[in-house]
1. Report yes if some residue within region 140-158 is hydrophobic (A, V, I, L, M, F, W, C) and over 18 Å from R276 (Cα atoms); otherwise report no.
2. Looking only at residues that are modelled with pLDDT of 85 or more and assigned to a loop (DSSP other than H, G, I, E, B) in region 52-92, which one is surrounded by the most Cβ atoms within 10 Å (Cβ to Cβ)?
3. Name, by its number, the condition in (1) without any contact (Cβ under 8 Å) to a residue 12 or more places away in the chain; (2) crowded, with 16+ Cβ neighbours inside 10 Å that does not hold for L254.
4. Which residue pairs have Cβ atoms under 9 Å apart, sit 6 or more places apart or on different chains, and have a first residue in region 219-246 that is within 19 Å of T187 (Cα to Cα) and a second that is among the aromatic types (F, W, Y)?
5. Is region 107-115 home to any residue that is among the hydrophobic types (A, V, I, L, M, F, W, C), assigned to a helix (DSSP H, G or I) and more than 16 Å from H34 (Cα to Cα)?
6. Looking at (1) over 30 Å from F149 (Cα atoms); (2) out of contact with any Pro (no Cβ under 8 Å at 6 or more places or on another chain); (3) buried (at least 19 other Cβ atoms within 10 Å of the Cβ), which one does L318 not meet, given that it meets all the others?
7. So if I check each of F179, F149, F173, which one is touching a residue at least 40 places away in the same chain (Cβ under 8 Å), outside the structural domain of R24 (by TED's automatic domain parsing), assigned to a helix (DSSP H, G or I) and not small (G, A, S)?
8. Go through (1) in a loop (DSSP other than H, G, I, E, B); (2) under 19 Å from N324 (Cβ atoms); (3) small (G, A, S) for A308 and report which single condition fails.
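The values are calculated or read from the model by the stated rules, or taken from the named source; none is laboratory data. All values reported here derive from a predicted model rather than from experimental measurement. Counting neighbours? That spans all protein chains shown, and the Cβs are built from the backbone with ideal geometry, glycine included.
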Amino acid sequence: MKFSYKARTKEGELQVGTVDAASREAATNVLLNHALFVLSIEEVKTDAWYRRISDFFERTSTSDLMIFTRQFSTLLASQVPLGDSLRSLYQQTTKPVLKLVIADVAGDVDAGLTLSQALSRHPNVFSEFYTNMVRSAEVTGRLGQVLEFLADYLENQSILTGKVKNALIYPVFVIVLFFIVVVIMVTVVLPQITPIFLESKIALPLATSVLISVGTFISHWWFAVLIALVVGVFLVIDYAQTKEGKVIFNEISLRIPLFGTLFQYLYLSRFAESARVLIQGGLTIPQAIEISSHTVGNVVFRDTLREAAQSIRKGELLSQALKNAQYFPPLVSQLIAIGESTGRLEMLLSKISDYYRRQVEDKVGNLVELIQPALLVIIGGLVALLFAAILLPLYSLTQTF
């Protein structure tokens with residue numbers, strides 16, 4: 001999002017401009033980090049669909065960011081100065097969007113900003129989790145080590161997410177292919193034999209009558225159907241980007257049979273891993289949980305973790321805050337309670353992350369093995385029904401001769 005602001009420098013000079021940030025609070029933090037005293041800050045209203053299309057093409061993939069982070073940590077480990085490392089990365093990067101971002105970051109660092117401040121100006125590329133990890137590393141002097149961890153973290157998340165996506169590719173492909181076959185049958189095959197059925201005046205099965213009606217409608221109104229599909233898909237995607245839409249679709253994803261549990265375990269693994277790293281990096285537990293809520297990738301989990309962070313600030317333990325939270329199994333709060341009582345919270349969070357990551361991998365493997373035979377049975381039955389709707393009238397027609 002873009003925010004317009006009015007602020008004053010330490011010398012009292014008035015400044016007016018815009019800043020990109022994920023939220024109003026994040027925009028305010030960016031300005032404060034630039035030693036500006038904020039007078040007012042308002043969100044700039046932009047065309048929603050245009051902004052989303054622009055953000056889509058300006059995205060940086062997780063793999064690209066992982067490679068950048070890995071190279072960055074290697075250069076710093078080799079004692080290459082920060083500015084020289086960024087300029088070297090700018091020359092090596094081939095992705096246009098990331099190249100421009102690195103150039104901006106290098107320029108801001110040369111102008112006197114810290115690395116975390118420079119990264120925070122590009123929230124579409126560097127998440128709040130990423131920026132805060134770098135900020136904590138600047139305080140502790142372990143920037144190279146933290147960047148190496150971030151590279152490992154991004155790589156693990158990319159592998160885990162990739163496995164989930166790969167498990168969904170096959171069923172989606174088969175279902176789309178089936179619907180293409182159905183469209184061809186009802187728009188090309190059936191119209192050619194329908195006159196024969198009508199002239200013979202034989203009784204048509206209900207399935208055949210429905211297919212003929214659908215095929216006739218699509219043949220005459222295909223352009224309207226196409227426009228309706230395009231508009232419908234656009235409206236669904238646009239609604240899914242709104243606050244209400246995100247909550248509804250994220251809630252649905254957690255309730256889908258078979259896949260709901262898979263997504264739940266994936267989000268639990270992300271939460272535990274990011275919280276562990278932030279706490280290990282020196283952040284307080286409420287700060288770590290608050291930032292972790294933005295890295296999970298699900299609005300329902302994000303809201304739950306935000307509430308947990310508020311409860312911790314009021315004096316509750318993390319295990320108590322998550323004890324009755326929806327989609328957080330008792331195992332999570334029990335292991336966290338052990339970590340709190342023994343002073344090894346980071347280690348127990350690591351155990352939670354490893355456990356649920358293995359659960360995701362096992363479920364992905366089981367789903368891949370289960371989906372293929374299940375789809376064969378379901379699609380086979382639908383194809384049999386489709387051909388029966390065509391062949392049964394033909395058989396009845398042959399009986400009349």
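1. Let us first name the residues in region 140-158 that are hydrophobic (A, V, I, L, M, F, W, C), namely 143, 146-147, 149-151, 154.
After this cut, where a residue has to be over 18 Å from R276 (Cα atoms) as well, the list is none.
No - not one qualifying residue is present in region 140-158.
2. Of everything passing the filter in region 52-92, V80 is surrounded by the most Cβ atoms within 10 Å (Cβ to Cβ).
3. (1)
4. Taking only residues 6 or more apart or on different chains, the pairs are V225/F217.
5. Let us first name the residues in region 107-115 that are among the hydrophobic types (A, V, I, L, M, F, W, C), namely 109, 111, 113, 115.
Subset that is assigned to a helix (DSSP H, G or I): 109, 115.
Imposing the further condition that a residue be more than 16 Å from H34 (Cα to Cα) reduces the set to none.
No, the conditions are met nowhere in region 107-115.
6. (1)
7. Numbers: F179 fails: touching a residue at least 40 places away in the same chain (Cβ under 8 Å); F173 fails: touching a residue at least 40 places away in the same chain (Cβ under 8 Å).
Checking each option against the conditions leaves just F149.
8. Condition (1) is where A308 drops out.
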